[in-house]
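Just below is one structure, and these are the notes that go with it.
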């Protein structure tokens with residue numbers, strides 16, 4: 001009996017002392033008992049609730065009455081668990097966890113219902129706010145809309161206060177994001193205000209980096225500038241907390257306003273803690289988004305729009321100009337001799353010069369104009385609603401501004417620029433064409449006899465076209481009348497120090513222009529449809545020269561000739577090769593035909609048949625510039641080749657780029673796996689040669705061993721020990 005009494009005493013002690021709310025109801029769900037914890041949590045005593053339905057007293061405007069009615073039906077009373085929003089005597093909403101157990105008699109009928117209620121407001125608030133925040137993030141809602149959701153949810157939970165969220169930018173300026181229940185005039189007044197020790201509760205909290213409490217707005221000096229905006233709305237107190245990023249930098253502030261002079265309660269502070277954490281997450285995400293947008297849209301050095309952003313904005317402007325029928329000017333601007341600044345003053349000075357040039361451009365244009373950096377020392381300015389005469393005036397104004405002396409690190413520089421101008425709609429109706437034409441005009445301005453000028457597309461393009469036609473005619477004449485020559489560059493076997501072969505490279509000496517670089521006349525031959533004829537000439541000349549070397553007793557193992565894709569599409573190629581070999585006393589092994597990587601995709605059945613016939617004949621086949629275009633093992637195995645040529649871009653970057661070294665290793669391994677010889681071209685330094693040797697490269701070609709040279713010079717090079725010098729370089 002004593003044990004039972006002791007147990008009951010302990011049980012009573014637990015019920016009386018627990019912070020959880022305990023309520024006992026009869027079968028009609030009317031209150032028979034509540035513990036002190038219930039009174040502390042909800043504010044109701046047993047006298048207030050005795051004989052009442054607890055649900056009628058605790059339910060409020062946002063309570064799920066339907067769920068309550070379902071579990072508190074006297075006819076079907078049973079145990080249940082539920083999470084509900086209930087209300088205290090003062091009207092404050094509380095998220096509550098309810099665990100109710102039905103106490104039944106011997107017949108199984110419920111005689112009592114014992115409920116234990118716990119305050120889960122903070123947990124639920126965090127869950128609700130986090131869910132809403134993440135949902136808003138997924139739906140990519142604007143940050144202001146998401147902040148409003150947070151404030152509205154807090155105000156629903158704690159209607160005795162109003163909330164606001166402010167962002168603080170990198171310049172320390174305030175930008176209101178949310179304050180759904182605050183006066184609009186307050187947000188308007190705060191926009192763009194700097195944070196500081198006297199900048200109100202929010203601005204001061206952001207400046208101090210710690211919470212600021214103002215219990216009486218009417219008398220606190222912090223509110224001297226803005227109290228007239230809030231007092232008429234009945235707001236009397238404010239508590240503000242800084243919102244900090246993960247690196248500790250203040251990026252905003254969260255504030256709670258009260259209609260009475262007071263401090264925030266512990267509940268308010270816990271609520272604010274949740275909100276500040278979520279706001280920090282969203283503001284950091286917004287910062288990251290804006291940073292990415294800036295990186296993708298703006299040039300980081302000058303702050304101007306980059307090429308992509310400039311074109312995007314120009315397309316919109318162009319659509320407006322098309323509708324209104326007004327002209328528009330596109331200017332491409334390039335600094336003259338900028339490379340010399342980098343070389344003599346260093347890249348830091350060059351960067352400073354670019355920033356200054358960008359600033360000068362921005363100071364010269366109108367608010368409706370667009371300015372961007374295209375890359376390097378090239379800029380573009382787009383002038384909407386601009387006539388030809390206005391464009392000429394603008395170009396002269398820009399040239400004058402850009403040419404003003406500039407002092408960098410005690411050195412005075414005299415910048416100069418060349419400008420090309422294209423007009424919409426005369427020179428193009430889309431931004432790509434206009435930029436291209438303006439750039440062509442810029443090139444003409446830069447290459448003129450007097451630098452630092454402006455050129456319009458129309459006149460210069462006509463001249464450029466005439467020059468191209470003249471150059472094309474001269475190339476046809478040179479190809480027909482022997483104006484082209486072949487030079488030969490040695491290819492050396494690193495392991496034996498012997499001559500592996502030579503590559504035949506076309507050279508053209510124009511009677512007026514002098515030596516025309518292959519990079520200029522070979523693309524011209526392709527555009528003009530002469531590339532097949534050029535290949536036929538090179539093949540014939542290389543075989544003739546190889547035969548002459550053979551008769552002179554000069555040992556050159558093989559000669560490699562570059563052939564275009566179109567040449568391999570020639571049905572007569574196999575017969576032509578056979579005829580040239582026979583007429584010059586050569587074997588098929590004396591000849592290597594090089595093809596570009598585009599052959600991987602252009603290998604039609606007829607082309608493949610030609611390649612197989614050449615290989616069966618004994619001609620070596622080489623894939624040039626491997627790794628720069630269409631390199632794919634799924635295509636590579638289709639070609640009956642003997643050799644891969646490692647592109648000189650990889651070799652050039654070997655000493656500086658880990659990526660280049662990795663790709664070189666890969667290509668060499670591919671060659672080993674497929675039993676293909678790999679020729680590394682463009683070797684210019686001992687360091688490059690050593691790195692290639694370490695990676696197992698056996699055949700090398702480049703200026704380090706020998707430049708491309710005429711046939712007689714190659715003979716002299718061989719007889720004078722040029723090959724022996726190459727062997728010394730190779731360390732054999």
Item checked: Verdict on residue 203 being part of a helix (DSSP H, G or I) and either within 23 Å of residue 239 (Cα to Cα) or not assigned by TED's automatic domain parsing to the domain that holds residue 99 (or both) -> yes
Here the residues within the range 673-695 that are closer than 19 Å to residue 596 by Cβ and either surrounded by 15 or more Cβ atoms within 10 Å (Cβ to Cβ) or not assigned by TED's automatic domain parsing to the domain that holds residue 559 (or both) are 676, 677, 678, 679, 680, 681, 682
So the strands (runs of 3 or more DSSP E) completely within the range 328-388 holding 3 or more residues that are at positive phi and surrounded by fewer than 19 Cβ atoms within 10 Å (Cβ to Cβ) are none
Condition met for residue 554 (in contact (Cβ under 8 Å) with a residue 40 or more places away in the chain, surrounded by 13 or more Cβ atoms within 10 Å (Cβ to Cβ), farther than 23 Å from residue 701 by Cα and assigned by TED's automatic domain parsing to the domain that holds residue 615): no
For the range 487-506, check the following and say yes or no: at least one residue is outside any strand (DSSP E or B), under 26 Å from residue 469 (Cβ atoms) and at pLDDT below 90. no
The number of residues in the range 396-419 that are touching a residue at least 60 places away in the same chain (Cβ under 8 Å) and within 34 Å of the chain's Cα centre (by Cα) is 9
Original post:
Is it the case that the range 115-132 has a residue that's exposed (fewer than 14 other Cβ atoms within 10 Å of the Cβ), farther than 30 Å from residue 35 by Cβ and at pLDDT 85 or above?
Top reply: no
With the first residue restricted to the range 329-352 and required to be without any contact (Cβ under 8 Å) to a residue 60 or more places away in the chain, and the second required to be not in a helix (DSSP H, G or I), Cβ contacts under 7 Å at 6 or more apart or on different chains are 338/377; 351/301; 352/408
Flagged in the range 12-53 as part of a helix (DSSP H, G or I), in contact with a helix residue (DSSP H, G or I) (Cβ under 9 Å, 6 or more places away or on another chain) and surrounded by 14 or more Cβ atoms within 10 Å (Cβ to Cβ), in numbering order, are 15, 36, 37, 38, 39, 42, 46, 48, 49
- Task: Could you check, for the range 164-176, whether at least one of its residues is touching a residue at least 12 places away in the same chain (Cβ under 8 Å) and farther than 29 Å from residue 291 by Cα?
- Result: no
Review point. Does the range 71-82 contain at least one residue that is farther than 15 Å from residue 25 by Cβ and in contact with a helix residue (DSSP H, G or I) (Cβ under 8 Å, 6 or more places away or on another chain)?
Key: no
Being more than 30 Å from residue 396 (Cα to Cα) and not in a helix (DSSP H, G or I) narrows 263, 296 down to just 263
Given (1) more than 43 Å from the chain's Cα centre (by Cα); (2) assigned to a helix (DSSP H, G or I); (3) surrounded by 13 or more Cβ atoms within 10 Å (Cβ to Cβ), residue 532 misses just (1)
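Let's see how each residue does on (1) outside the structural domain of residue 144 (by TED's automatic domain parsing); (2) crowded, with 17+ Cβ neighbours inside 10 Å; (3) part of a loop (DSSP other than H, G, I, E, B); (4) more than 43 Å from the chain's Cα centre (by Cα):
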{"site": "207", "(1), (2), (3), (4)": "no, yes, no, no"}
{"site": "219", "(1), (2), (3), (4)": "no, no, yes, yes"}
{"site": "232", "(1), (2), (3), (4)": "no, no, no, yes"}
{"site": "242", "(1), (2), (3), (4)": "no, yes, no, no"}
{"site": "248", "(1), (2), (3), (4)": "no, no, yes, no"}
{"site": "253", "(1), (2), (3), (4)": "no, yes, no, no"}
Expected output for the range 278-293 (first residue assigned by TED's automatic domain parsing to the domain that holds residue 251 and more than 17 Å from residue 147 (Cα to Cα), partner modelled with pLDDT under 85 and part of a helix (DSSP H, G or I), Cβ below 9 Å, 6+ apart or cross-chain) is none
Here, helices (runs of 4 or more DSSP H) confined to the range 579-672 with at least 2 residues that are crowded, with 17+ Cβ neighbours inside 10 Å and modelled with pLDDT of 85 or more are 605-617, 648-652
Of the conditions (1) surrounded by fewer than 18 Cβ atoms within 10 Å (Cβ to Cβ); (2) farther than 30 Å from residue 290 by Cβ; (3) in contact with a strand residue (DSSP E or B) (Cβ under 9 Å, 6 or more places away or on another chain), the single one that residue 90 does not satisfy is (3)
- Could you please let me know if residue 194 is crowded, with 16+ Cβ neighbours inside 10 Å, free of Cβ contacts under 8 Å to residues at least 40 places away in the same chain and in the same structural domain as residue 288 (by TED's automatic domain parsing)? no
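The values are calculated or read from the model by the stated rules, or taken from the named source; none is laboratory data. Since the model is a prediction, treat every value here as computed from it, not as a measurement. Cβ coordinates were reconstructed from backbone atoms using ideal geometry, including for glycine residues, and neighbour counts include every protein chain displayed.
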